[in-house]
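Beneath this line is the structure, given in structure tokens, with notes to follow.
The values are calculated or read from the model by the stated rules, or taken from the named source; none is laboratory data. Not measured: the values here are computed from a predicted model. Heads up, the Cβs are rebuilt from the backbone with ideal geometry, glycines too, and the neighbour counts pull from every protein chain shown. Accessible surface is based on the protein model in full, side chains and every heavy atom, while ligands, DNA and RNA are left aside. Shrake-Rupley method; radii C 1.70, N 1.55, O 1.52, S 1.80 Å.
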Amino acid sequence: MKLAIANLSRILSGDFDEPYVEGTSILMEDGLISEVGEIEAEKYNDCDVVIDADGAIASPGFIDSQIHNTFNDYTPRQKTVGFLESYVHGGVTTGISASEVHVQGRPKDPDGVKALAVAAHKCFKDFRPGGMRMHAGSIILEPGLIEADFKEIADKGVWLAKAGFGGVMTPFDYVPMIGWAKEAGMITTVHTGGASIPGSSGIWAEHLIAMNPHVSFHVNGGPVSMPEAGFAKMVYESEIALQVCTAGNLRTALMLSDMVCEAEKFSRFLIATDTPTGSGIMPLGMMYTITHLASLTKLPVEWAIAAATGNNARTYGLNNGFIAPGKDADVLILDACEGGSKDNAIDAIRNGDIAAVSAVVSGGIPRFVGRSRNTPSGIRNVRVARSSVIENFAGNTH
């Protein structure tokens, strides 16, 4: 499919160092962004779909880097079907597994956790609920795993490993397993804070520094935050990416935001939701955390959005998260909500209001155009201006 978005007022790049891209249009073809800027009108002639943004703002699709998927689009924790498809209506175009820990009756032996990770990875490889790309299959680190196990599952495509729910005697027992996973080329993630499920243990800064994973999951707590002294240790004594989540402690998330900016370590600051969990299903979780950070601290809105897009993409080695030629065509059209006091999405978020998600494109395909079922309507008439596809992309509204 060849797709164009025209009449944008601003284009957010996803890169906090250079947050805007000059121009008013985005051209996409075969699932990739091909051109961004001022695009000649004749280039629209052979597009399958042209979207008129009517002066709204484009952003990369959000990357929720901590989703507790299981199999299919179902969460047994909340007994909810279709939650991933609903997250797309909150602007999430990519999800990353926090491990399939909520699979009912999940295995805890080495063969079982390997099989679970491989099965989840393969099940979601070509399954895109609501258009979301879900990177599933994160091996849960359990006692008994050996170095060869990580090479074995990496050869089968598994590239994520998660510590924090295994039956270890102490979190320090994860140190060799994290090392083996990294040697196998995996991105390693670790639960941070108090125990979130019965049988798991709290993991603090000293444990994380000893393990040295790529990402400290929900460093602000999932749901219970680690002791406050640990935050400075994580910022100044490690290079670990620091992920804050909606289902955590808001006060420490705000504190960490200020801390990483002061330390000039913002590239390590990530946003995710850590859902579905006991905190529930949160289709607008990414949007709310962006809004909380941008309205309750001095963090620029553009930087908060970058923490939900480009920062996640760099940390996980993904080809999306940025609006630039050659990147995956995952794009949102954001607007101020109808009835609000601001006239654009950036000012609305800074004011503490969520933005209207007026369109979602993922993989170069419009998933809906005009109105999300999970946000109020925008104030602009974002619409399909021309289409040769027998589909109006209106989506289901509430």
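Over what distance in Å are the Cα centres of the stretch 129-171 and the stretch 174-237 separated?
Cα centres, the stretch 129-171 to the stretch 174-237: 15 Å.
For the stretch 179-331, take the convex hull of the Cα atoms, compute a quarter of its surface area, and give me that in nm², please.
Directional mean of the projected Cα hull area for the stretch 179-331 stands at 9.6 nm².
Expressed as cubic angstrom per residue, what is the convex hull volume of the alpha carbon set of the chain?
On the way: hull volume 47.9 nm³, N = 398.
That works out to 120 Å³ per residue.
Go ahead and collect, in residue order, the members of the stretch 319-356 whose backbone nitrogen is under 16 Å from a label point 7 Å along the Cα-Cβ direction of N7.
Correct set: 333-336.
Towards the positive end of the charge dipole of the chain, with charges on Cβ (+1 Lys, Arg; -1 Asp, Glu), say which of S295, T24, L8 has the farthest Cα.
Working it through, the farthest residue towards the positive pole turns out to be S295.
Determine which lysines satisfy two conditions relative to K43: a Cα distance under 27 Å, and not lying fewer than 8 residues away in the same chain.
Excluding near neighbours in sequence, the set is K2, K327.
Taking a cut-off of 21 Å between Cα atoms, list the lysines near K342, but don't count ones fewer than 8 places away on the same chain.
Once the sequence-local lysines are set aside, what remains near K342 is K298.
Would you rank K233, K79, K151, K114 by solvent-accessible area, highest first, keeping every protein chain in place and using a 1.4 Å probe? If you can, show how the numbers build up before the last one.
Working: K233 85, K79 160, K151 115, K114 20 Å².
Ranked from most to least accessible, the order is K79, K151, K233, K114.
Sort 248-257, 104-113 for me by packing, meaning the mean count of neighbouring Cβ atoms within 10 Å per residue, highest on top. Mind showing how you got there, number by number?
On the way: 248-257: 21.0, 104-113: 13.8.
So the order, starting with the most tightly packed, is 248-257, 104-113.
With a sphere of radius 9 Å drawn around the Cβ of N320, what net charge do the other residues whose Cβ falls strictly inside it have (Lys, Arg +1; Asp, Glu -1)?
Charge balance in the 9 Å sphere: 0.
Could you sort Y20, Y87, Y236 by accessible area so the largest value comes first, with the probe set to 1.4 Å? Can you show the working numbers first?
On the way: Y20 80, Y87 0, Y236 135 Å².
Greatest to least solvent exposure: Y236, Y20, Y87.
Let a ≥ b ≥ c be the square roots of the eigenvalues of the Cα gyration tensor of the stretch 289-355; is it rounded (a/c under 1.5), or, if not, prolate (a/b larger than b/c) or oblate?
Details: a/c = 3.30, a/b = 1.67, b/c = 1.97.
It is oblate, given that a/c is not under 1.5 and a/b is not larger than b/c.
Suppose R0 equals 41 Å; then what is the FRET efficiency for E338 and K156 from their Cβ-Cβ distance, rounded to the nearest 0.05? Write down the numbers at each step before the final one.
Working: r = 48 Å, r/R0 = 1.18.
After rounding to 0.05, the efficiency reads 0.25.
Where the centroid of each part is defined by its Cα atoms, how far is the stretch 293-329 from the stretch 3-34 in Å?
The distance from the Cα centre of the stretch 293-329 to that of the stretch 3-34 comes to 13 Å.
If you wrap a convex hull around the Cα atoms of the stretch 40-191, how much volume per residue is inside, in Å³?
Values: hull volume 22.8 nm³, N = 152.
It is 150 Å³ per residue.
Can you compute the equivalent ellipsoid semi-axes for the stretch 212-296, i.e. the square root of 5 times each eigenvalue of the Cα gyration tensor, sorted largest first and rounded to whole Å?
On the way: eigenvalues 82, 38, 25 Å².
With the √(5λ) rule applied to the stretch 212-296, the semi-axes are 20, 14, 11 Å.
Please enumerate, by chain and number, the lysines with C-alpha under 16 Å from the C-alpha of K125, excluding those fewer than 8 residues away in the same chain.
Result set, ordered by chain and number: K156.
Taking the Cα centre of the chain as origin and charging only Cβ (+1 Lys, Arg; -1 Asp, Glu), how large is the dipole, in debye to the nearest 20?
Numbers: 31 positive and 45 negative charges, 201 e Å.
Around 960 debye, computed over the chain.
Using a 1.4 angstrom probe, figure out how much accessible area the stretch 115-205 has per residue, in square angstrom, rounded to the nearest whole. Spell out each step's value before the answer.
On the way: 3470 Å² over 91 residues.
With the other protein chains kept in place, the stretch 115-205 gives 38 Å² per residue.
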